[in-house]
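Worksheet for the structure shown next.
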Amino acid sequence: MPTIEVPDIPAPVAVSLDPATTALLVFDMSDALCATVPDCRRTVALVRSLVDRARSAGVPVIFSLGRAPQAVLGELGPRPDEPVVRSGADKFFRTDLERHLRGRAVALMAGTSSNGSIVYTALGCCARGITVVVAEDAISSKRPMAQWVARWQLLNQPGYPNETNAPLLPSAVTLSRTDLVTFARE
């Protein structure tokens, strides 16, 4: 069996996002999924801080859930005017997510199932010309290896790579952190 060298993943970078062209997507932070993903609970406060800051800046917040019966964690509960899309890993599949992102140039992402929902929906965003920022300290997966693979895959997506993690490379993913994300009007 060949030896595999594990590549380095570049450090998260600071980004300043324009509230007029950004949306925050919160993935699968539900009672059902957080019960099966041990690291999910660790991220709740970080995701909540992004939600609060986004709302204060006027950034639309969109929640996602899986297809099974579940509810968004009470600590993050969507407001009545905030959409919730329900789908499998690709949150564009059979949902109106694309309509909710219309006119948005950047999708800021946080939540759980990073090696599923975040990876597949990020690819869908990039294919639609939307730049993605993932707050890597506010994402989780069932296993540490899945988390590492998700971070690597996000920067090395076929057709939309950002291997050096250049900030806000158009139609690609940037890895950032909650404390490195700011909102400022251009």
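For region 1-32, the set of residues classified as surrounded by 14 or more Cβ atoms within 10 Å (Cβ to Cβ), within 23 Å of Ala166 (Cβ to Cβ) and not hydrophobic (A, V, I, L, M, F, W, C) consists of Pro10, Pro12, Asp18, Pro19, Thr21, Thr22, listed by residue number.
Being out of contact with any strand residue (DSSP E or B) (no Cβ under 7 Å at 6 or more places or on another chain) and free of Cβ contacts under 8 Å to residues at least 40 places away in the same chain holds for only one residue in Pro38, Pro69, and it is Pro69. In region 85-99, the residues that are basic (Lys, Arg) form Cβ pairs under 6 Å with partners that are loosely packed, with under 14 Cβ neighbours inside 10 Å, at six or more places apart or across chains, as follows: Arg86/Arg67.
Conditions: (1) part of a strand (DSSP E or B); (2) surrounded by 16 or more Cβ atoms within 10 Å (Cβ to Cβ); (3) of a type outside the set (Val, Ile, Thr). Ser49 meets all but one. Number of the miss? The failed condition is (1). The set of residues in region 172-186 being surrounded by fewer than 17 Cβ atoms within 10 Å (Cβ to Cβ) and over 18 Å from Gly111 (Cβ atoms) consists of Thr182, Ala184, Arg185, Glu186. I'd like the full set of residues that are closer than 24 Å to Thr36 by Cβ and among the β-branched types (Val, Ile, Thr), limited to region 80-133. Val84, Val85, Thr95, Thr112, Ile118, Val119, Thr121, listed by residue number. Exactly one residue out of Pro10, Pro2, Pro38 is in contact with a helix residue (DSSP H, G or I) (Cβ under 9 Å, 6 or more places away or on another chain), in a loop (DSSP other than H, G, I, E, B) and not polar (S, T, N, Q), and it is Pro10. For region 139-154, the set of residues classified as buried (at least 16 other Cβ atoms within 10 Å of the Cβ) and either within 13 Å of the chain's Cα centre (by Cα) or not hydrophobic (A, V, I, L, M, F, W, C) (or both) consists of Ile139, Ser140, Ser141, Lys142, Gln147, Ala150, Arg151, Gln153, Leu154, listed by residue number.
Surrounded by 14 or more Cβ atoms within 10 Å (Cβ to Cβ), in contact with a His (Cβ under 8 Å, 6 or more places away or on another chain) and among the hydrophobic types (A, V, I, L, M, F, W, C) - does that describe any residue in region 98-109? Within region 98-109 (the criterion being surrounded by 14 or more Cβ atoms within 10 Å (Cβ to Cβ), in contact with a His (Cβ under 8 Å, 6 or more places away or on another chain) and among the hydrophobic types (A, V, I, L, M, F, W, C)), the answer is no, since none of the residues qualifies.
In region 104-115, what residues are at pLDDT below 95 and not β-branched (Val, Ile, Thr)? Across region 104-115, the qualifying residues are Ser113, Ser114, Asn115.
The values are calculated or read from the model by the stated rules, or taken from the named source; none is laboratory data. No experiment lies behind these values; they were computed from the predicted model shown. Don't worry about glycine lacking a Cβ; one is built from the backbone with ideal geometry, like all the others, and counts go over all protein chains shown.
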